[in-house]
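Here the structure comes first, spelled out in structure tokens, and everything after it is commentary.
The values are calculated or read from the model by the stated rules, or taken from the named source; none is laboratory data. Keep in mind it's a predicted model, so treat the numbers as computed, not measured. Virtual Cβ from ideal backbone geometry, glycine too; neighbours counted across all protein chains shown.
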Amino acid sequence: MKKVSFIPILFLIFSCSSDDDSEVQSEATILGSWIGVESYLDGESMGQPSNDRVEFFSDNSVEFTYDDITEYGEFVIDGDILTITWESAETGLETYSLEINELTETTLEWETDLGSEGILIEIFRR
């Protein structure tokens, strides 16, 4: 008789486990439109980024619009590295690599090493 009552108790223990494992975690996505709000060069404020708007699409295309200029490219994210390959760029400037420092539903912050010019950090908001 002890075996019979032990089996239902095990069933109750395992069937009442936490639902935390089945929760859908919403992850921030880079897809969508972002507006530049701040930029820093070696920690010094440079004001609003020159790229007024950047938009990332689900087909991995990207569009930068600033002043009256729009540039097009393709992007890949590998871990926290965002790599953009531009369609029309001068030789040596075809590929642009950025480290994503923060990506939330409302904030995108990245940085890139500009060599002797310093480290550029740009912040965008939705």
Which one is farthest from Ala28 (Cα to Cα), of the residues in region 65-84 that are loosely packed, with under 14 Cβ neighbours inside 10 Å and in contact with a strand residue (DSSP E or B) (Cβ under 9 Å, 6 or more places away or on another chain)? Thr70
Restricting the search to region 43-64, which residues are surrounded by 10 or more Cβ atoms within 10 Å (Cβ to Cβ), modelled with pLDDT under 95 and assigned to a loop (DSSP other than H, G, I, E, B)? Gln48, Pro49, Ser50, Asn51, Asp52
Selection from region 65-113 of residues that are in contact (Cβ under 8 Å) with a residue 24 or more places away in the chain and assigned to a loop (DSSP other than H, G, I, E, B): Thr104, Glu105
Whether any residue in region 117-124 is modelled with pLDDT of 95 or more, among the small types (Gly, Ala, Ser) and farther than 19 Å from Ala28 by Cα is what I want to check. yes
Does any residue of region 81-98 turn out to be within 13 Å of Leu120 (Cα to Cα) and either of a type in the set (S, T, N, Q) or at pLDDT 95 or above (or both)? yes
